[in-house]
Amino acid sequence: MTLLAGKRVLITGGSTGIGAAAAVEAARQGADVAINYASSEARALQVIEQIEALGRKGLAVQGDVADPATATDFVNKAVEALGGVDVFVTNAGICPFHAFLDMPVEVVDRTFQVNLHGAYYMVQAAANQMVKQGKGGSIVAVSSISALVGGEFQTHYTPTKAGVHSLMQSAAIALGKHNIRCNSVLPGTILTEINKDDLADTEKRDRMAARVPLGRLGEADDLAGPIVFLASDMAKYVTGAALLVDGGAFVNLQ
C-alpha cells in the first residue's frame with residue numbers, strides 16, 4: 001500500500017535536507033510532487049530526477065518565500081502542472097547563528113520573513129486552493145524542537161519556530177470545517193545545511209549526539225516518514241498536533 005497514492009504534494013525548501021527527503025518519500029508513496037526552492041536549481045533538478053525515476057510527476061519552482069507573491073505563484077504553477085493540491089508541507093527556513101546582544105536588525109527581520117511570514121503566506125495560499133477544490137487536505141509544518149526550548153545563539157530563530165507551530169494550531173481550527181488538517185513536526189538536531197557550519201566542530205557534535213537517547217543526531221530522511229504519516233489518511237483524525245522527531249532529546253533532562 002502506498003500512503004499518498006494519487007495525491008498532489010507541494011513542499012517549500014524542497015531542494016535540500018528535510019524538504020528533499022520528504023519530496024522523494026512522497027513520490028515513493030505514490031504522490032506527484034512540486035517543490036519550491038530558493039536558489040540552487042541544480043539541486044532542485046536532482047530532486048525532480050529522483051521523483052520522476054519513481055514514476056511520478058515532478059515540478060521545481062524557484063522563489064523566495066519571504067515574498068508573499070511567491071506563495072501564489074508556487075501554488076498556481078503546481079496546480080497547472082499537477083491538477084491540484086492535496087498536501088502542503090511548509091519547510092523552508094534559515095538559522096544564521098548569532099549572539100543576542102549585538103544581533104543585527106537585518107538578521108532578525110530576514111529570519112522572521114523567511115521562517116514565519118513565508119510559512120504564513122504559503123499556508124494561506126495552499127489552504128485557499130484546497131478550499132476551492134472542496135475535497136479537504138493536509139498541511140504539515142516543519143517547526144522545530146526549538147519551539148519548545150531555548151538557544152543562546154537562536155534568539156531570533158526559536159520564536160519563529162514556536163510561531164510556525166502556533167500557526168498550525170490556529171489554522172487547524174480555522175480550516176477544520178473544510179476538512180483540512182494542520183499539524184507540525186518538531187525535529188531535534190538534524191544534520192542539514194542549516195546547521196552545517198555550527199556542527200563542523202566535532203567536539204560539539206559528539207557532545208550533542210551523546211545527549212540523544214537513540215545515540216545519534218538526526219538525518220534528513222528521519223523526518224520523511226513522520227511527514228508522510230501526517231499527510232496521509234493514516235492520520236485522518238489528527239489535527240493541531242505536534243510530533244517531536246528528536247531521538248528522545250527533549251525528554252532527556254536528567
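The values are calculated or read from the model by the stated rules, or taken from the named source; none is laboratory data. The structure presented is a predicted model; accordingly, all values stated were derived computationally and were not measured. Please note: Cβ atoms are built from the backbone with ideal geometry, for glycine as well, and neighbour counts cover all protein chains shown. For accessibility, only protein heavy atoms count, side chains too; no ligands or nucleic acids. Shrake-Rupley method; radii C 1.70, N 1.55, O 1.52, S 1.80 Å.
Taking the criterion of being among the charged types (D, E, K, R) and surrounded by fewer than 19 Cβ atoms within 10 Å (Cβ to Cβ), the residues of the range 211-245 that qualify are ARG211, ARG216, GLU219, ASP221, ASP233, LYS236. The set of residues from the range 1-39 being more than 21 Å from LYS77 (Cα to Cα) and among the basic types (Lys, Arg) comprises just one member, ARG28.
Being within 18 Å of the chain's Cα centre (by Cα) and either surrounded by fewer than 20 Cβ atoms within 10 Å (Cβ to Cβ) or assigned to a helix (DSSP H, G or I) (or both) holds for only one residue in ALA78, ALA99, ALA69, and it is ALA78.
GLY248 - would you say it is farther than 26 Å from GLY118 by Cα and open to solvent by less than 30 Å² (accessible area, probe 1.4 Å)? Break it down stepwise before answering.
On the way: farther than 26 Å from GLY118 by Cα: yes; open to solvent by less than 30 Å² (accessible area, probe 1.4 Å): yes.
Judged against the criteria, GLY248 is a match.
Taking the criterion of being hydrophobic (A, V, I, L, M, F, W, C), over 15 Å from the mean Cα position of the chain (by Cα) and at negative phi, would at least one residue in the range 227-236 satisfy it? For the range 227-236, residues hydrophobic (A, V, I, L, M, F, W, C), over 15 Å from the mean Cα position of the chain (by Cα) and at negative phi: present.
Number of residues in the range 103-143 that are closer than 13 Å to ALA171 by Cα and in a strand (DSSP E or B) equals 5. For the range 221-236, the condition of being of a type in the set (S, T, N, Q) and under 18 Å from ALA26 (Cα atoms) holds for at least one residue.
Considering only strands (runs of 3 or more DSSP E) fully contained in the range 1-66, which possess at least 2 residues that are modelled with pLDDT of 95 or more, touching a Leu at 6+ places or on another chain (Cβ under 6 Å) and open to solvent by less than 30 Å² (accessible area, probe 1.4 Å)?
Details: elements: 8-11, 32-37, 58-62.
It comes to 32-37.
Within the range 149-184, the residues that satisfy the criterion of being touching a His at 6+ places or on another chain (Cβ under 8 Å) and either assigned to a helix (DSSP H, G or I) or open to solvent by less than 60 Å² (accessible area, probe 1.4 Å) (or both) are HIS156, SER184. Checking each residue in the range 45-86 for being closer than 26 Å to THR160 by Cβ and among the β-branched types (Val, Ile, Thr) picks out VAL47, VAL61, VAL65, THR70, THR72, VAL75, VAL85. Please verify whether the range 83-90 includes one or more residues that are closer than 16 Å to PRO159 by Cβ, open to solvent by 30 Å² or more (accessible area, probe 1.4 Å) and touching a residue at least 40 places away in the same chain (Cβ under 8 Å). No, that holds for no residue.
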